[in-house]
Amino acid sequence: AARVSAAVARGVPEKLHLQLNRQLVGAKSVEKVLELVDERLQDFNDVNQITAMHRLATLASSPRRPAVRRDARFKRLSSRLAEMLRHSEELSPQDLSNAAWALTKLGV
């Protein structure tokens, strides 16, 4: 267990995180992404959180974005993402760019 924890601390993706990312990328609707957030947020690593936010920004049409921002599942994701962005030292410039784009696109 200590070895896995060290790997996670270094940002090495586990099989679970790779599977979650595939599910997020494969989600074809805002509702599907929000369902995954609702069911699995506790299992998301940093990249999964950014991917979820990026998918929401990609899938949500302009008229739908205010409703997405009011959704409790989105608020939980946003809160956790904000906390992660404040404290993570492992994020790549690409991760930061993806998060910034998604937040801007969603009007957060």
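The values are calculated or read from the model by the stated rules, or taken from the named source; none is laboratory data. The model shown is predicted, which means the values in this text are computed figures rather than measured ones. Virtual Cβ from ideal backbone geometry, glycine too; neighbours counted across all protein chains shown. We work out accessible area using only protein heavy atoms, side chains counted, and drop any ligands, DNA or RNA first. Shrake-Rupley method; radii C 1.70, N 1.55, O 1.52, S 1.80 Å.
Listed here are the helices (runs of 4 or more DSSP H) enclosed by region 63-108 that have at least 2 residues being among the hydroxyl-bearing types (S, T, Y): 72-87, 93-106.
Each row is one residue, and each column tells you yes or no for (1) over 9 Å from the mean Cα position of the chain (by Cα); (2) open to solvent by 10 Å² or more (accessible area, probe 1.4 Å); (3) over 20 Å from E83 (Cβ atoms).
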{"site": "R22", "(1), (2), (3)": "yes, yes, yes"}
{"site": "V33", "(1), (2), (3)": "yes, no, no"}
{"site": "V37", "(1), (2), (3)": "no, no, no"}
{"site": "M53", "(1), (2), (3)": "no, no, no"}
{"site": "P63", "(1), (2), (3)": "yes, yes, yes"}
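Applying the selection to region 75-106, what residues are among the small types (G, A, S), out of contact with any His (no Cβ under 7 Å at 6 or more places or on another chain) and open to solvent by less than 50 Å² (accessible area, probe 1.4 Å)? Residues satisfying the conditions are S78, A82, S88, S92, A99.
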